[in-house]
Each structure stands twice: as C-alpha cells, then as structure tokens.
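This report concerns only the one structure given below.
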Amino acid sequence: MAEQGNVASEAAADSGARHDDGASSGRARLDRVPRNVVVLGLVSLLTDASSEMVYPILPLFLVNVLHAPVSAIGLIESLAEATASFVKVASGRLSDRLRRRRPMVALGYSLSNVVKPLLAIAPGWPAVLGLRVADRFGKGVRTAPRDALIADSGTPERRGRDFGLHRALDTVGAAIGPLTAWAVLTFVPDGYRLIFWLSAIPGSLAIVLVLVGVREVRHPSEGREHGPRLPLMPLRRLGSGFTAFTLISVVFALGNSSDAMLVLRAQNVGSPPALIPLMYFVFNVVAAALSLPLGHLSDRIGRKRVIAFGFAGYAAVYAGFALAGGPSAAWLLFAIYGLPYAATEGMSRAFVVDLVPSQLRATALGSYTFAIGLATLPASLVAGLLWDQVSPAAPFAVSAVLMAAAAAAMVLHRPVKASAPVLTQESPV
C-alpha cells in the first residue's frame, strides 16, 4: 500500500510538472516575437533608410536647387499622401477578400524602392511630383496588408508590443537615412542627387528580403479559396468605435501637415541646410527608442490613453514650432517630436485592429488610412499657402489647435468593438 501511495504521489508530481512545463511553454510562445513581425520590421528598416535619405532633403532640393515655391511643395506632399490613402483602402479590401497579404506587401515595397532613386534625374518640381506619387502608390499598396499581416501573426495580448517593435525597427531605418544624408552633404554640399542614387542600396536589399523572408499566415478558422466571401465593401460592419476613432483622427490629420514643413521651418529659423538631416536623425532616434516601451505600455494601460497623450504631445510640438525663434529651438523640438510620434504611429493601427473583427482587419486599416489621407490632402496644401500668404509660423499655430482638439476628443472616446460580419457566397473579385 505504501508503495502504491508513493507511485501515486510520483505520478501526481510528474503530472504537475508536465502542467507547469505546458504553462511555461505557453508563456514562451506568447512572449516569442513572430517571424513575420521581425522580417517586416527589417524590411521597413531598410525601406525607411532609403526613404529618409531622401525625405528630409527633398524640400531643400526643391527650394534650393529646383527653385520651387513652398506652395508647390505643399501640393506635392498633399497629392502624394492622398494617393497613398486612396490606394490603401482598395488594397486593404482586396487583401481581406482574397485572404492574402504577402503579394501586395511585396509589390508595394518593390515599387516604392524602385522609383525613389529616379529623383536624381528629375529636371523640375513636376517630375518630382510624379515620382513622389508613384512612391506613395507603392506605400498605399503595402501598408494595410502589411499591418494586417502583423496582427495576423501575433496575439491580442502582445499586439501593442508587435506593432511597437515593428515601428521601432522602422524608425531605426528612418534614423540611418538622414544620418547618411548629413554625411554626404557635409562632404558634398550640393550632393542632393548623389543621395538619391545612394538610396537604391538599402531599397534593393529591402526588395530581396520581402520576397524571400515574409510568409503568408493562414488561420484554421478561415475558409478555403472558394469559400464564403465578405461583402464587397462592408464598411457599416466596422462599428461605431472604429467610426468615432477615425473621425477624431481626421481632425488630428487636418493639422498634421507634411514633415517637409518642419524641415523648412528649421531652415527658416536659421538652421544650416546640411545640419537639418541631423535634426531628423535625432527625432528618429528618440522615436525608435520609445516605440517598443510605449507599445508594451499600451498593452497594459490601454491604447486609448497612449494615443490621447500622443495627440496632446503633437499639439505642444507644433505650438513650439510656431513660436520658435532660432536653431536651438528647432533642435529641441525635433527631439521632443519623437515622443508623440512613437505614442501614435504604431499604436493607432493597433487600436484600429482592436476595434474591428479579424475578418476585416485590412479593410479597416485601409479605410482608416484612406480617411486620414483625405484630411492630409488639404492639410499640407493649406499649410503651404498659409506659409506663403500669412507667415511661416501660421500653419503650425493652426495645427496645434486642431491637434489639441483631437486629444480632448480622444479622452472622451468610448471604444466599442464591432461584432463579426456575416459571410456571403460572393466571388472574390
């Protein structure tokens, strides 16, 4: 009897150990960063290293070399970002209907990274407009499917971490780019076109990595290729929580003109053009350092609070640019700017995913960014006109007011997740 009791005790202990091992294994799986999140983060790092070589100096190139008016720069940025937003809603919808993310992610990254170096042969600002629109078209194709793939690859409990890590890697690339541009302009003061050619190096690496490293995610709950399909444009099924957040974000976006305006403001208050990429580098270092911690924080306290804080931080930074009186203020403001950027850029997308059913993730992300893009179209254009017709400080004062209003509205927002949609037997196209 004693021997039987010992065997039973050992069996119970072994069973408990297996239970503990299972729980530990489950926790390990939960804490493991999914492969797609890491690979897409590295692809974004390389793409942003390419883009941010170009982006901080492009307004300087347009003004100092091509002699374009600031209102033309506002037009270029407005049309480029609006193009991206129009394409995002279509690519997101198509991704959900086909239940495929990878092909559009690969196409979008490839297109953007092919056209950027062609800025080196642009003879005037209309050519820059065409190339910027093509670049942003590629961004529009990839963004919603990519963000949906990040959400598909992970778990709700670690969604803030995953989006925060992706944004951190993306922003590391965004720091490498302007640092490279600063180094080139230091040794070759008029080397704008050389920088455009150099952007092809990380861009080419990004294309290779996205083609060989990204994997499609198929969940067991999903139907087969010819199974039930979602309605063509089920926007009503996205829910009131999503709609309210989108409207708040539109108010914010009406004030969030292109960062090209920040670059021009830095030059306007006396910063040497060759040093402005370094300011952008500082901004991106701060944003990269804070993206992952703020992602973890949003998993603990909720994304609504983090985003409201971010909107308020934007308002403070833009008010600072309106009042800036010298290069030292521009340095400080670019550094502070990294904090609200990290609190909103990835977290707003994670929050959209929180608010909608899994079958509509890419649709919601595309619709959200489409609405933001519609607001961006007048934002940068009006900012350029205010600069030319009123004063360089005017666009930033107006932006600060709109961003503060969005922060207040976000505090009052009551997030409600929509229910899952009813599938239909429609064809996929």
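The values are calculated or read from the model by the stated rules, or taken from the named source; none is laboratory data. Every value quoted in this text rests on a predicted model; they were computed, and no experiment measured them. All Cβ positions, even for glycine, are placed from backbone atoms using ideal geometry, and neighbour counts span all protein chains on display.
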*Taking only the range 16-62 into account, find how many residues are at pLDDT below 50 and of a type in the set (S, T, N, Q).*
2
*Hits in the range 196-216 - residues which are surrounded by 18 or more Cβ atoms within 10 Å (Cβ to Cβ) and in contact with a Pro (Cβ under 9 Å, 6 or more places away or on another chain)*: PHE196, LEU198, SER199, GLY203
*If you scan the range 294-307, which residues turn out to be small (Gly, Ala, Ser) and more than 17 Å from the chain's Cα centre (by Cα)?*
GLY302
_So in the range 81-126, with the set limited to residues that are among the basic types (Lys, Arg) and closer than 22 Å to ASP259 by Cβ, which one is nearest to the chain's Cα centre (by Cα)?_
LYS88
_I'm told LEU332 meets every condition in (1) without any contact (Cβ under 8 Å) to a residue 24 or more places away in the chain; (2) crowded, with 24+ Cβ neighbours inside 10 Å except one. Can you identify the failing condition by its number?_
(2)
_So if I check each of TYR318, TYR314, which one is touching a residue at least 24 places away in the same chain (Cβ under 8 Å), under 19 Å from the mean Cα position of the chain (by Cα) and in a helix (DSSP H, G or I)?_
TYR314
*For the range 143-202, how many residues meet the condition of being free of Cβ contacts under 8 Å to residues at least 24 places away in the same chain and either among the charged types (D, E, K, R) or touching a Lys or Arg at 6+ places or on another chain (Cβ under 7 Å) (or both)?*
0
*Which one of these is at pLDDT 85 or above, of a type outside the set (Asp, Glu) and over 15 Å from the mean Cα position of the chain (by Cα): ALA148, ALA168, ALA181?*
ALA181
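Any residue that is among the β-branched types (Val, Ile, Thr), surrounded by fewer than 24 Cβ atoms within 10 Å (Cβ to Cβ) and closer than 20 Å to ILE73 by Cα - is there at least one of those in the range 108-127?
Start the filter on the range 108-127 by keeping residues that are among the β-branched types (Val, Ile, Thr), which leaves 114-115, 121.
With surrounded by fewer than 24 Cβ atoms within 10 Å (Cβ to Cβ) added as a condition, the list becomes 114-115, 121.
Checking the rest, the ones that are also closer than 20 Å to ILE73 by Cα come to 115, 121.
The answer is yes; a qualifying residue exists.
Conditions tested, residue by residue: (1) crowded, with 17+ Cβ neighbours inside 10 Å; (2) within 30 Å of LEU79 (Cβ to Cβ); (3) under 21 Å from the mean Cα position of the chain (by Cα); (4) at pLDDT below 95.
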| site | (1), (2), (3), (4) |
| --- | --- |
| ALA324 | yes, yes, no, yes |
| VAL353 | yes, yes, yes, yes |
| THR376 | yes, yes, yes, yes |
| GLN389 | no, yes, no, yes |
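Can you tell me how many residues within the range 355-374 are more than 15 Å from the chain's Cα centre (by Cα) and either hydroxyl-bearing (Ser, Thr, Tyr) or within 19 Å of ARG303 (Cα to Cα) (or both)? Before the answer, list the steps.
Taking the range 355-374 first, the residues more than 15 Å from the chain's Cα centre (by Cα) are 355-361, 363, 374.
Subsequent filtering for residues that are either hydroxyl-bearing (Ser, Thr, Tyr) or within 19 Å of ARG303 (Cα to Cα) (or both) retains 355-358, 361, 363.
Final tally of qualifying residues: 6.
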*Kindly indicate whether GLY270 is farther than 24 Å from THR376 by Cα and either modelled with pLDDT of 90 or more or in a helix (DSSP H, G or I) (or both).*
yes
